[in-house]
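Data first, discussion second: the structure below is written as structure tokens.
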């Protein structure tokens, strides 16, 4: 809406690919692996990153960590009917302290831009393959792990 107000043309991924993309992150490690999703958006942000030839991640120094998961749990967007199953499978992957994210300012859970729920899961060890392992769980839509993406981090 702001772009429209300012006269900046917008489009969708169905109509065109972006020339570049920029976003923020909740955590960034030394490998430029990202933890995102504290704001509830993961799926569409990941679509933007994979469709853009270059993505700039703008952060301040408080977002730099030695290892992902130091400050925040990993958000996992999942289909409502799969929450219990996804939670069980996340535990099998080593997650603990798994919580259904609550909405702020209203009763009930946080609903994503796609109408799904978010489980926040604490992982003590985030490995290079964890993003793929989480996404292989039936019912998982997306995770807040962005591992191995072509991003330039600017702090």
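In this rough spin-label picture, where each label sits 7 Å from Cα along the Cβ direction, the residue 128-residue 154 distance is 2.9 nm.
Relative contact order for the chain: 31 percent, from Cα pairs under 8 Å spaced at least 6 residues apart, divided by residue count. How far is the Cα center of segment 70-109 from the Cα center of segment 2-40, in Å? Spelled out, the Cα-based centre of one part sits 24 Å from the other. Between residue 102 and residue 84, what is the label-point separation in nm under the 7 Å Cα-to-beta-carbon projection? Placing both labels 7 Å along Cα→Cβ, they lie 2.2 nm apart.
If you rank 1, 89 by fewest surrounding Cβ atoms within 10 Å, what's the result?
1, 89
By how many degrees, 0 to 90 and rounded to 10, does the Cα axis of helix 83-92 deviate from the longest principal axis of the chain? Once rounded, the angle reads 80 degrees.
Can you compute the equivalent ellipsoid semi-axes for the chain, i.e. the square root of 5 times each eigenvalue of the Cα gyration tensor, sorted largest first and rounded to whole Å? Could the numbers behind the result be given before it?
On the way: eigenvalues 133, 77, 44 Å².
Over the Cα atoms of the chain, the semi-axes work out to 26, 20, 15 Å.
Take the Cβ atoms of residue 91 and residue 114, set R0 to 30 Å, and the FRET efficiency comes out at 0.80. Relative contact order of segment 26-73, taken over Cα pairs closer than 8 Å and 6 or more residues apart, is 59 percent.
For residue 44 and residue 66, compute 0.36 nm times the residue count separating them, minus their Cα-Cα distance, and round to one decimal in nm.
Details: separation 22, 0.36 × 22 = 7.92 nm, distance 2.65 nm.
Taking 0.36 nm per residue and subtracting the Cα distance, the gain is 5.3 nm.
As a check on your grasp of the helix formula, calculate [θ] at 222 nm for the chain: sum -39500 (n - 2.57) over DSSP H runs of n ≥ 4, divide by the residue count, round to the nearest 500. Display every interim value, and only then the final one.
Numbers: 4 runs with 30 residues, N = 155.
Theoretical 222 nm ellipticity from helices: -5000 deg cm²/dmol.
Take the Cα of residue 10, step 7 Å toward its Cβ, do the same at residue 54, and the gap between the two points is 2.5 nm.
Bear in mind that the values in this text are calculations on the coordinates, not laboratory data. Being a predicted model, the structure only gives us computed values, none of them experimental. Cβ sites come from the backbone with ideal geometry, for glycine too, and all protein chains shown count toward neighbours.
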